[in-house]
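Accompanying notes for the structure given below.
The values are calculated or read from the model by the stated rules, or taken from the named source; none is laboratory data. Predicted model only: the values in this text are computed from it and were never measured. Glycine also receives a Cβ, built like all others from the backbone with ideal geometry; neighbour counts cover every protein chain displayed. Heads up: the accessible areas ignore ligands, DNA and RNA and are worked out on the full protein's heavy atoms, side chains in. Shrake-Rupley method; radii C 1.70, N 1.55, O 1.52, S 1.80 Å.
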Amino acid sequence: MFFGALVAGYTSSANFPEMADTLMEGFSSRFAPLLALPPIFIMLGIFLNNAFVSLLFLVLGLVFGILPVLFIAFNGYIVGVISHIVAQERGLLFIFLALLPHGVLELPMVFLSAGIGLRLGHQVFAALIGRPTEIKKEFKEGLQFYFRWILPLLFLAAVVETFITPLILSFL
């Protein structure tokens, strides 16, 4: 879902540059203040944003699992649009090197959160049609997994995104 939406965002950015520019302006205005902060605060901002969004994916899965899928698709689309715009100026190698170091940690964690949300949504749906479920147990286990694995790896991804990725990009 994410990668399909990423391709759609990249393609639509190429075909509708005015829409892409408007989206990029909104994105830039939202995150520009963060970039003016010292790196440790940038890292914490990235981490807290990703931690919140991932927890949201997990919890909102209780609404039949629809919202995590929509959020994953939306985020993929945004990444695609931004990737196209930045690739026009800096090239695809820049995009690849800007996303890969932290993305190998961050994306699986976000996908796992959404997957847990989908599982919870399935449990809610099953309960509504009268099948036996263990929603409370599944929710508890999902939260335990989130705090044990997802949160620490999202923190590591934020460290990489803030301190390692700029170092890699400085060689271009």
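Tabulated data
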| read-out | value |
| --- | --- |
| One residue from 152, 101, 108 being open to solvent by less than 70 Å² (accessible area, probe 1.4 Å) and touching a Ser or Thr at 6+ places or on another chain (Cβ under 8 Å) | 101 |
| Check on residue 64, open to solvent by 80 Å² or more (accessible area, probe 1.4 Å) and not in a helix (DSSP H, G or I) | yes |
| Residues of the range 1-38 satisfying the condition of being of a type outside the set (S, T, N, Q), part of a helix (DSSP H, G or I), over 23 Å from residue 111 (Cα atoms) and open to solvent by 70 Å² or more (accessible area, probe 1.4 Å) | 18, 21, 25, 30, 33, 35 |
| Hits in the range 88-98 - residues which are buried (at least 16 other Cβ atoms within 10 Å of the Cβ) and free of Cβ contacts under 8 Å to residues at least 24 places away in the same chain | 95 |
| Residues being assigned to a helix (DSSP H, G or I), open to solvent by 80 Å² or more (accessible area, probe 1.4 Å) and of a type outside the set (D, E, K, R) - total across the range 119-146 | 4 |
| Which numbered condition residue 82 fails, given (1) under 27 Å from residue 13 (Cα atoms); (2) modelled with pLDDT of 95 or more | (2) |
